[in-house]
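Working notes for the structure below.
Where a number appears in this text, it was derived from the coordinates with a stated rule and is not lab data. All figures in this text were calculated on a predicted structure; none of them were measured in a lab. Cβ sites come from the backbone with ideal geometry, for glycine too, and all protein chains shown count toward neighbours.
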Amino acid sequence: MADRTPEDGRLRELMRGAQLGDAAAYRELLEIITVRVRQVVRRRRGFAGPEAVEDLVQDVLLSVHAVRATYDPEVTFADLRANTIPEEPAAVEALTHAIGTLPPGQRQAIELLKLREMSLKEAAAAMFVGARLLRWPVARSLTALS
């Protein structure tokens, strides 16, 4: 299989080493992909805040750890577009600004439900309100943001 970049080949080799039990290769692999994952998450979900970004980065790294034994170095997406993330800094900036203009209760409801992906019950508990009372600020927030 042809690598698209020299780093692709290096990552492939590191993952092979990790699968064979090479702790140094696995550590280097995680160091490299952590930087990439953090950049992608910040670009896509930076408006959620630094703690949420780090939570997502850790979730991705745990997923990589859990499935590393199933990695097949000969299989990847052939289309380059499937392997890249488009830049959307203006959209993230605009959304961050729009959410920031909401009243505090609405802003918190949107952050919990849409950005942190909590259930209605979890978000209501975090805000110390009933789930029924939380539906109104969310509906109103979504209307304001659209």
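Summary of values
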| quantity | calculated |
| --- | --- |
| For q = 0.11, 0.25 Å⁻¹, Debye-computed log10 I/I(0) when each Cα of region 6-83 counts as one equal scatterer | -0.32, -1.24 |
| Inter-label distance, nm, simple model (7 Å from Cα along the C-beta direction), Ala23/Val75 | 3.0 nm |
| Cβ-Cβ FRET estimate between Leu133 and Leu95, R0 fixed at 25 Å, reported to 0.05 | 0.50 |
| Cα centroid separation, region 97-146 to region 10-80 (Å) | 31 Å |
| Computed log₁₀ I(q)/I(0) - Debye formula, equal Cα scatterers, no solvent, region 89-145, q 0.13, 0.23, 0.25 Å⁻¹ | -0.30, -0.84, -0.96 |
| Highest average packing first - 22-32, 101-111, Cβ atoms within 10 Å | 101-111, 22-32 |
